[in-house]
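Everything on this sheet refers to the single structure shown next.
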Amino acid sequence: MNTIGDYLKSGSIDIALLLSLTLKQSNTQLYTQSNYRLSTRETDRLTKLTQQREQGIPFAYLSGEKGFYHLNFKVTSDTLIPRPETELLIDIVLELFDQKYPYKILDMGTGSGIIAITLADINPRWKVSATDFSQAALDVAKTNTTAQVSFFQGNWFEAINDQTFDLIVSNPPYIKENDSYLDGLIHEPQTALVSGEDGLNDIRVIIDNTPEYLNKGGYLLLEHGFDQQAKIVNLLNKKFHNIKTFKDYNGNDRAVLAQIK
Ligand SMILES: C[S@@+](CC[C@H](N)C(=O)[O-])C[C@H]1O[C@@H](n2cnc3c(N)ncnc32)[C@H](O)[C@@H]1O
């Protein structure tokens, strides 16, 4: 049987993370106990995890969790793995929306629940709802809830009947259907990622329908692909004004906020 140190030197993908997961030890513990020899059971578990990781299964699906903002979220193959870029949406809401006012906020396509739950957790005054058409994703989101969030299942606005909101926020699917970028994302639900030929099918549905579901002076906040901002601003121009555009922390165009006219 090999020691922790032997494995750490192996150069195998994410080996330190996989050792931590197998042995339930922190990174620091691994390095301070590098002479520890793994048992047969531990070796079997590590071998299985290493094989899965080498087949391309993302680490978050092996550990079953992913950090987002200040919380840890359970993720499964039914949910997209939270991306750091999406934290931008939280920063925008926290910076531009009054924390004292009991805004009604809707997160559409909530997946593991990251946007809705993070906002509700930070500000219990906000009345937060979340939708997804995947019941399996909603089941995961419900287990992640740390604060009051109302969940609704359905195809975009069909989920919410005639409710109206002060802010609708969404990180919808926005990748073009033939984009080679998808080759590296085969383990994540394609319905969470792909949106027609130009990646804008779902964004068009959301922009077209949002006005009906916003309160007077309400806002729509969307995450989008790095090359889609101009087209989205164009789609918004008809019924929205006060349009603000945002870049993510890598300097890529990533989000748009717009107020109903
Ligand atoms: C890009 S993922 C975002 C998930 C999560 N909000 C996040 O940021 O990690 C898009 C989500 O939209 C959901 N979705 C896709 N099509 C939908 C539709 N027609 N109606 C409602 N939700 C949909 C997917 O199931 C998925 O959870």
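In table form, for the structure just shown:
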quantity: Exposure proxy ranking, count of Cβ atoms within 10 Å, fewest first, for PHE165, PHE97; calculated: PHE97, PHE165
quantity: Residue order, fewest to most surrounding Cβ atoms within 10 angstrom, among TYR181, TYR7; calculated: TYR181, TYR7
quantity: Highest to lowest packing among 222-228, 82-88, scored as the average C-beta count within 10 Å; calculated: 222-228, 82-88
quantity: Theoretical FRET efficiency, 1/(1+(r/R0)^6), r = Cβ-Cβ of GLU158 and ILE243, R0 41 Å, to 0.05; calculated: 0.95
quantity: Computed FRET value (nearest 0.05) for TYR101 with ARG45, which takes r as the C-beta separation and R₀ as 41 Å; calculated: 0.25
quantity: Dipole in debye (nearest 20) - the chain, about Cα centre, beta carbon charges: Lys, Arg +1; Asp, Glu -1; calculated: 620 debye
quantity: Protection proxy ranking, peptides 109-117, 14-22, average beta carbon neighbours within 10 Å, highest first; calculated: 109-117, 14-22
quantity: Protection proxy ranking of 68-76, 166-174 - average other beta-carbon atoms within 10 Å, highest first; calculated: 166-174, 68-76
quantity: Rounded to whole Å, sorted largest first: equivalent-ellipsoid semi-axes of the chain, Cα gyration tensor; calculated: 39, 20, 16
quantity: Rg ratio (alpha-carbon, reference 2.2 N^0.38 Å) - the range 37-152; calculated: 1.26
quantity: Tail fraction, Cα-Cα pairs, the range 4-55, threshold 16 Å, whole percent; calculated: 30 percent
quantity: Förster radius 30 Å - calculated FRET efficiency between SER12 and GLU197 (Cβ-Cβ, nearest 0.05); calculated: 0.15
quantity: In the range 116-197, trypsin sites (Lys or Arg not before Pro) in a DSSP loop with at most 14 other beta-carbon atoms within 10 Å; calculated: ARG125
quantity: Net lengthening on full extension, ASN250/SER180 (0.36 nm per residue, minus Cα-Cα); calculated: 23.1 nm
quantity: For PHE68, residues with placed amide H under 5 Å, excluding near neighbours; calculated: PHE73
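Read-outs: derived from the displayed coordinates by stated rules, not from any lab. Note that this is a predicted model, so its numbers are computed, not measured. In this analysis, Cβ positions are derived from the backbone assuming ideal geometry, glycine residues included, and neighbour counts consider all displayed protein chains.
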